[in-house]
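Below is one structure, written out as structure tokens, with a few remarks after it.
The values are calculated or read from the model by the stated rules, or taken from the named source; none is laboratory data. The structure displayed is predicted, hence computed values, not measured ones. As a convention, Cβ positions derive from the backbone with ideal geometry for all residues, glycine included, and neighbour counts pool all protein chains shown. Remember, those area values only see protein heavy atoms, side chains included, never the ligands or the DNA or RNA. Shrake-Rupley method; radii C 1.70, N 1.55, O 1.52, S 1.80 Å.
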Amino acid sequence: MFEHEEAELLDVVNDHDEVIDSIHRGDMMTLRDTPGRYLRVIELFLQRPNDDIYLPRRSPHKKIFPGSLDHSAAGHMNRGESYEQALVREVHEELGIETTPEDFEFIHKFSPSEELFYFRQFYLLRTDQEPQLSPEHTEAVWLPPHELQAYIEHDVPAKQTIYEDIPILIAFLDELS
């Protein structure tokens, strides 16, 4: 996390993903030990027309998973944002791509777990627009979907949720073909 992010306000939600409060981003780790109080995040992969997936590496200056492989774009939802608004904002901030909510394909919604104290919605964005590498990332690769699993297994570290999301992404893409 960068210093300027610490003061951002995030919605806190209950077990039904309904807003019940807000918290400063810098204080979000206090929710780890408060069952029934969760955050919301969005995660997505960017796909080119040739089917390759954009996989960036997080900056070593990030507070959470520094230097790890990451989703094409991901982030916490700010106070008052819908999942769709967060998608549009994060894709613009992290990839420099202008989108609308209709551009995204919903893949899966994950509920909080003991390890992850947030709801997360997972999406795909298919586009021919070239992403710009954001300050949140240091490098990126484009890989065919069938090479993603082997790549993350042989490149340590990777953001924790990547290991769960890649098989779901591949199954989603296989169903479409």
In nm, to one decimal, how far is the modelled label at H108 from the one at K63, with both set 7 Å along Cα→Cβ?
-> 2.8 nm
Determine the dipole magnitude for the stretch 1-156: charges of +1 sit on the beta-carbon of Lys and Arg, -1 on that of Asp and Glu, nothing else is charged, the reference point is the Cα centre, and the result goes in debye to the nearest 20.
-> 260 debye
Descending packing, highest mean Cβ count within 10 Å first, for 32-41, 15-24 is 32-41, 15-24
Write down the Å³ per residue value for the convex hull defined by the alpha carbon atoms of the stretch 69-134.
-> 102 Å³
With the 1.4 Å probe rolled over protein heavy atoms, the chain has an accessible area per residue in Å² of 49 Å²
Identify which of T30, T161, T127 has the largest mean-square fluctuation in a Gaussian network model of the chain, with springs joining Cα atoms closer than 10 Å.
-> T30
Using the Karplus equation 6.51 cos²θ - 1.76 cosθ + 1.60 (θ = phi - 60°), what ³J(HN,Hα) coupling, rounded to whole Hz, does each residue of the stretch 46-51 give in order, writing x for Gly and Pro?
-> 9, 10, 6, x, 7, 5
Where does helix 83-95 land angle-wise versus the long Cα axis of the chain, in degrees 0 to 90, nearest 10?
-> 60 degrees
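At 1.4 Å probe size, with the rest of the protein present, what percent of the exposed accessible area of the stretch 16-78 is carbon and sulfur atoms? Present the calculation step by step, with values, prior to reporting the outcome.
Working: 1360 of 2650 Å².
Carbon and sulfur: 51 percent of the exposed surface of the stretch 16-78.
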Scan around V12 for amide H atoms under 5 Å from its own, H built in the peptide plane at 1.01 Å from N, and keep only partners 5 or more places away or cross-chain.
-> I20, D21, S22, I23
